[in-house]
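Student: One structure follows; several queries about it will come next.
The values are calculated or read from the model by the stated rules, or taken from the named source; none is laboratory data. Keep in mind it's a predicted model, so treat the numbers as computed, not measured. No Cβ is skipped: glycine too gets one built from the backbone with ideal geometry, and neighbour counts run over all protein chains shown. The area values use the complete protein model at the heavy-atom level, side chains included, leaving out ligands, DNA and RNA. Shrake-Rupley method; radii C 1.70, N 1.55, O 1.52, S 1.80 Å.
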Amino acid sequence: MGSFVDLASADGFKVPAWVARPEGAPRGAVVVLQEIFGVNSHIRSVADRYAAAGYLAVAPATFARVKPGVELGYTDDDMKEGFVLKQQVEALPGAGVLPDIQAAIDHAAQQGGGKVGIVGYCWGGLLSWRAACELTGLSAAAVYYGGGITGPDEVARTPRCPVIAHFGKRDHYIPLDGVDAFRKAHPEVEVHVYEADHGFNCDQRGSYDQPSADTARERTLAFFAKHLG
């Protein structure tokens, strides 16, 4: 259903992105932000599923500025490599990877012909929160277990569009007291907590929890239907 294309960021950098198109005219568009494992087979399948739901889906390679063509699995070595790459991207000067995400939003708006939402998982969840607060052209954002999102610098941000956030009750990366503090700081955000671990949406990981993943997807699709069309 999808294929890779190159998008032009504001500084001219070419950002590879997986673009999945629905059958018929799109009802809107969704930007899909990767975990620390690259735009791998799982993220491509997530984008394809949003396309199957009627949205143009764009998944930019947010590691591209530090290492192109990253496609990792879920072993301990993959986790370590992905974490290092994430740190390198987070250390980029200026706005870092946000201009590349803006390029994906702009492409999604142009090709989708309607409103644009964003969804991200783990590190991508953090980036989708930042995008909702800092970038233009978004009408809705969905955050899945965004690592770091409950830190003071992130909680201090203010979203420019409606946000839904999904967390796992057993997520040792994001303690529940942090989730509760985030919820209190942002009563405008629709927060849901599931009986699940970190990464519960990924069906290629041991932490996958199908009931939680299905419920979160239903809620996210309803949220996008409300705010995107």
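Student: Take the conditions open to solvent by 10 Å² or more (accessible area, probe 1.4 Å) and either aromatic (Phe, Trp, Tyr) or not in a helix (DSSP H, G or I) (or both) and apply them to Ala59. Does it pass?
Tutor: no
Student: Let me ask something additional. Being under 18 Å from Gly124 (Cα atoms) and in contact with a strand residue (DSSP E or B) (Cβ under 6 Å, 6 or more places away or on another chain) is the filter here, so list the residues in the range 21-41 that pass it. Walk me through how you get there before you give the answer.
Tutor: Pass one, the range 21-41, residues under 18 Å from Gly124 (Cα atoms): 29-41.
Across the range 21-41, the qualifying residues are Ala29, Val30, Val31, Val32, Leu33, Glu35, Gly38, Val39, Asn40.
Student: Is it the case, given these coordinates, that Val191 is without any contact (Cβ under 8 Å) to a residue 40 or more places away in the chain and in contact with a Phe, Trp or Tyr (Cβ under 6 Å, 6 or more places away or on another chain)? Give the derivation first.
Tutor: Details: without any contact (Cβ under 8 Å) to a residue 40 or more places away in the chain: yes; in contact with a Phe, Trp or Tyr (Cβ under 6 Å, 6 or more places away or on another chain): no.
Judged against the criteria, Val191 is not a match.
Student: Sticking with this one: Restricting attention to the range 71-85, does a residue exist that is touching a strand residue (DSSP E or B) at 6+ places or on another chain (Cβ under 9 Å), part of a loop (DSSP other than H, G, I, E, B) and farther than 24 Å from Ala142 by Cα? Please lay out each step first, then the result.
Tutor: Initially, the range 71-85 is screened for residues touching a strand residue (DSSP E or B) at 6+ places or on another chain (Cβ under 9 Å), giving 71-72, 82, 85.
Next, from what is left, pick out any that are part of a loop (DSSP other than H, G, I, E, B): 72.
Filter once more, keeping what is farther than 24 Å from Ala142 by Cα: none.
Checked against the condition, which is being touching a strand residue (DSSP E or B) at 6+ places or on another chain (Cβ under 9 Å), part of a loop (DSSP other than H, G, I, E, B) and farther than 24 Å from Ala142 by Cα, the range 71-85 yields no hits at all.
Student: Further question: How many residues are over 22 Å from Arg44 (Cβ atoms) and either buried (at least 21 other Cβ atoms within 10 Å of the Cβ) or out of contact with any Ser or Thr (no Cβ under 9 Å at 6 or more places or on another chain) (or both) if we restrict to the range 189-207? Step through it out loud before you land on a result.
Tutor: Here is the first cut: in the range 189-207, the ones over 22 Å from Arg44 (Cβ atoms) are 189-197.
Imposing the further condition that a residue be either buried (at least 21 other Cβ atoms within 10 Å of the Cβ) or out of contact with any Ser or Thr (no Cβ under 9 Å at 6 or more places or on another chain) (or both) reduces the set to 189-191, 193, 196.
Total satisfying the criteria: 5.
Student: To continue, here is another question. Checking the structure you have, find out if any residue of the range 113-125 is surrounded by fewer than 21 Cβ atoms within 10 Å (Cβ to Cβ), within 30 Å of Gly206 (Cβ to Cβ) and either in contact (Cβ under 8 Å) with a residue 40 or more places away in the chain or out of contact with any Gly (no Cβ under 7 Å at 6 or more places or on another chain) (or both).
Tutor: Within the range 113-125, not a single residue is surrounded by fewer than 21 Cβ atoms within 10 Å (Cβ to Cβ), within 30 Å of Gly206 (Cβ to Cβ) and either in contact (Cβ under 8 Å) with a residue 40 or more places away in the chain or out of contact with any Gly (no Cβ under 7 Å at 6 or more places or on another chain) (or both).
Student: Out of all the residues in the range 131-163, which are part of a helix (DSSP H, G or I) and closer than 20 Å to Pro175 by Cβ?
Tutor: We begin by selecting, within the range 131-163, every residue part of a helix (DSSP H, G or I); these are 131-134, 152-155.
Matches in the range 131-163: Pro152, Asp153, Glu154, Val155.
Student: Cβ-Cβ distance below 6 Å, separation of 6 or more or different chains: which pairs start in the range 2-20 with a residue that is under 12 Å from Ala57 (Cβ atoms) and end on one that is at pLDDT below 95 and among the small types (Gly, Ala, Ser)?
Tutor: Correct list of pairs: Trp18/Gly2; Val19/Gly2; Ala20/Gly2.
Student: Could you list, in sequence order, all residues of the range 8-53 that are open to solvent by 10 Å² or more (accessible area, probe 1.4 Å), within 14 Å of Gln111 (Cα to Cα) and not in a loop (DSSP other than H, G, I, E, B)?
Tutor: Passing the criteria: only Trp18.
Student: Check off (1) touching a Pro at 6+ places or on another chain (Cβ under 6 Å); (2) within 14 Å of Ala57 (Cβ to Cβ) for Ala142 and give me the number that stays unchecked.
Tutor: Here Ala142 clears every test but (1).
Student: Could you pull out the residue among Cys161, Cys122 that is on the phi > 0 side of the Ramachandran plot and of a type in the set (A, V, I, L, M, F, W, C)?
Tutor: Details: Cys161 fails: on the phi > 0 side of the Ramachandran plot.
Criteria check complete, one pass: Cys122.
Student: I've got another one for you. Residues in the range 103-130 that are farther than 15 Å from Ala59 by Cβ, in a helix (DSSP H, G or I) and in contact with a helix residue (DSSP H, G or I) (Cβ under 8 Å, 6 or more places away or on another chain): how many?
Tutor: Matching residues across the range 103-130 total 3.
Student: Name the single residue, out of those in the range 208-221 being over 19 Å from Ala47 (Cβ atoms) and under 18 Å from the mean Cα position of the chain (by Cα), that is most open to solvent (accessible area, probe 1.4 Å).
Tutor: Residues of the range 208-221 over 19 Å from Ala47 (Cβ atoms): 209-212, 215.
Among the residues that remain, those that are also under 18 Å from the mean Cα position of the chain (by Cα) are: 212, 215.
Numbers: Ser212: 10, Thr215: 50 Å².
Within the range 208-221, the match that is most open to solvent (accessible area, probe 1.4 Å) is Thr215.
Student: From Ser139, Ser128, which residue is hydroxyl-bearing (Ser, Thr, Tyr), open to solvent by less than 10 Å² (accessible area, probe 1.4 Å) and within 29 Å of Pro26 (Cβ to Cβ)? Spell out the reasoning first.
Tutor: Details: Ser139 fails: open to solvent by less than 10 Å² (accessible area, probe 1.4 Å).
The match here is Ser128.
Student: Which residues, taken from the range 70-110, are over 19 Å from Ser128 (Cβ atoms), open to solvent by less than 80 Å² (accessible area, probe 1.4 Å) and touching a residue at least 24 places away in the same chain (Cβ under 8 Å)?
Tutor: Leu72, Gly73, Tyr74, Asp78, Met79
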